[in-house]
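Report on one structure; see the data block that follows.
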Amino acid sequence: MNAPLDSTQRQALRAELLKRREALLGTLALHQGDASRVQHAREILLQDGDDGPQRDADREVDLAFTDHERHELAEIGAALQRLDSDDYGVCSDCGADIPFARLQVQPQALRCVTCESSQESRRGGVPHALM
Ligand SMILES: [Zn+2]
């Protein structure tokens with residue numbers, strides 16, 4: 001039993017989305033700035049070591065993290081575009097209103113909790129970074 005979003009709630013969610021976008025952009029810039037520096041530092045530190053596999057694993061974690069952030073940034077951008085339309089806050093699968101409480105936690109959510117969890121089980125629990 002959820003009511004459609006009123007304008008105050010939309011405003012709060014817009015502020016939240018903008019805040020998250022700023023934070024993500026900051027994090028992305030940080031990563032990109034760090035990536036070459038950190039890698040360079042590792043290469044110097046590990047020059048004489050035999051840590052090849054570990055180094056590759058670290059790099060993959062860095063890449064996956066950045067991909068995740070990029071993905072989230074795209075979702076937030078799409079949510080900001082949807083925010084003024086009737087599509088926002090409505091489950092894309094079943095058409096139910098997504099509860100405001102859920103949107104506060106995840107303002108870019110496309111689906112209600114029920115559809116989201118069945119979507120995730122259809123994916124077979126494969127971590128998103130591997131898709
Ligand atoms: Zn749904």
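Every read-out reported here was derived from the displayed coordinates using simple, explicitly stated rules and does not represent laboratory data. Nothing here was measured: the structure is a model prediction, and the numbers come from that model. Methodologically, a virtual Cβ is constructed for each residue, glycine included, from the backbone with ideal geometry; neighbour enumeration extends over all protein chains shown.
Relative protection proxy for 10-20, 107-117, from highest mean packing down: 107-117, 10-20 (other beta-carbon atoms within 10 angstrom). Close amide H partners of Val90, meaning residues 5 or more places away or on another chain with modelled amide H under 5 Å apart, are Ile98.
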